[in-house]
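What follows is a short report on a single structure.
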Amino acid sequence: MDTPPAAEAAAADVQRIEESAEFRGLRSAFRSFAFPVTIGFILWYLLYVLLSSYAPAFMAAKVVGHINTALVLGLLQFASTFAIAAWYARYADRRLDPPAEAIRDSRAAAAVHVPREAAE
């Protein structure tokens, strides 16, 4: 069974967008943020797990009253998760959303100029 012409046109359009310099720049901007932050957070999480496994005396050390180091570091895991999410939202607003919108707008403008009969 053959692919419908509209699907072929959409696939060609997607391919053209993926090969554009604007999309490559957008993908690079995303990766330059996401990969280092993800690696850093995973290392931070693994540090917590390794300390829990191999340094129980350190993790059990009292900080204030009944609050120990493990509890403080565990709560910092949550705090860092929310901080990274806020950081990413701000980064995306400034660096990712404007180029993505420009790509979307250029795609929409190209779709408007194509007669409906040509897409069928």
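The values are calculated or read from the model by the stated rules, or taken from the named source; none is laboratory data. If you're wondering where the values come from, they're calculated on a predicted model, not measured in any experiment. Using ideal geometry, Cβ is built from the backbone for each residue, glycine included, and neighbour counts are taken over all protein chains shown. These area figures cover heavy atoms from the full protein model, side chains too; ligands, DNA and RNA do not enter into them. Shrake-Rupley method; radii C 1.70, N 1.55, O 1.52, S 1.80 Å.
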(message) Looking only at the stretch 59-74, count every residue that is open to solvent by less than 80 Å² (accessible area, probe 1.4 Å) and outside any helix (DSSP H, G or I) and tell me the total.
(response) 4
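Return the residues of the stretch 1-54 that are of a type in the set (Ser, Thr, Tyr) and more than 30 Å from Gln77 (Cα to Cα); say none if nothing qualifies.
Within the stretch 1-54, Thr3, Ser20 qualify.
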(request) Output the number of residues of the stretch 13-45 satisfying the condition of being farther than 18 Å from Ala83 by Cα, in a helix (DSSP H, G or I), open to solvent by 60 Å² or more (accessible area, probe 1.4 Å) and not hydroxyl-bearing (Ser, Thr, Tyr). (result) 9
(message) What are the pairs with Cβ atoms under 9 angstrom where one residue, in the stretch 9-37, is within 23 Å of Arg94 (Cα to Cα) and the other, located anywhere, is among the polar types (S, T, N, Q) and surrounded by 11 or more Cβ atoms within 10 Å (Cβ to Cβ)? Sequence gap at least six, or different chains.
(response) Ile17/Ser106; Ser20/Ser106; Glu22/Ser106
(message) With the requirement that a residue be touching a residue at least 40 places away in the same chain (Cβ under 8 Å) and either open to solvent by 100 Å² or more (accessible area, probe 1.4 Å) or in contact with a strand residue (DSSP E or B) (Cβ under 8 Å, 6 or more places away or on another chain) (or both), what does the stretch 75-105 give you?
(response) Trp87, Arg95
